[in-house]
1. Which of the trypsin sites (Lys or Arg not before Pro) found in the chain are in a DSSP loop and have at most 11 neighbouring Cβ atoms, other than their own, within 10 Å?
2. So if I take the centroid of the Cα atoms in region 41-93 and the same for region 1-26, what is the distance between those two points in Å?
3. Keeping all protein chains in place and using 1.4 angstrom, which order do PHE89, PHE67 fall into by accessible surface area, from largest down?
4. Heavy atoms of the protein only, probe of 1.4 Å, neighbouring chains included. What is the accessible area of ILE57 in Å², nearest 10?
5. Taking Cα pairs under 8 Å and at least six residues apart, what relative contact order does region 35-93 come out at, in percent?
6. Run the paramagnetic zone check for THR86: 7 angstrom along Cα to Cβ, then residues of region 1-44 with backbone nitrogen under 17 Å.
7. With no solvent and one point per C-alpha, what does the Debye sum give as log10 I(q)/I(0) for the chain at q = 0.19, 0.24 Å⁻¹?
8. Under the rule of at least 5 residues apart or a separate chain, name every residue whose amide H is placed under 5 Å from the amide H of VAL19.
Amino acid sequence: QTETINVTAPSFTVKMVAVNAPCWIEATTAGNPTPVFAQVLSAGQTHLFTVTKSMTIDTGSAAGRAFFYKGAKLIGFYFPSKVPFTMNFNAVS
């Protein structure tokens, strides 16, 4: 399962949250095969990612939820329905 999320902004923040259970998360950026982040978040733990062009975030548990922000303003969220799940985030200006 894959979802592409385009945000009209030069950059934005994605907050990944492990809700009620652990969640494996891996994040990669375009043109870089080495993950910028790859670990299990414990239940209740969060991790922030700044997207300036594009970023792919894979999640291995339905506990993984994505919230995205422009500055401090929540502009959207995505809750994967199946796992593993890939979210492609793009900053579109």
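The values are calculated or read from the model by the stated rules, or taken from the named source; none is laboratory data. Everything numeric in this text was worked out from a predicted model, so none of it was measured. Virtual Cβ from ideal backbone geometry, glycine too; neighbours counted across all protein chains shown. Just so you know, the surface numbers come from the protein's heavy atoms only, side chains and all, with ligands and any DNA or RNA stripped out. Shrake-Rupley method; radii C 1.70, N 1.55, O 1.52, S 1.80 Å.
1. LYS82
2. Distance between centres, Cα-based: 0 Å.
3. From most exposed to least exposed: PHE67, PHE89.
4. The accessible area comes out at roughly 0 Å².
5. Normalised by residue count, the contact order of region 35-93 is 40 percent.
6. The answer is 1-6, 25-38, whose backbone nitrogens lie closer than 17 Å to the label point.
7. -0.82, -1.29
8. Close amide H contacts, sequence-distant or interchain: GLY44, GLY64, ARG65.
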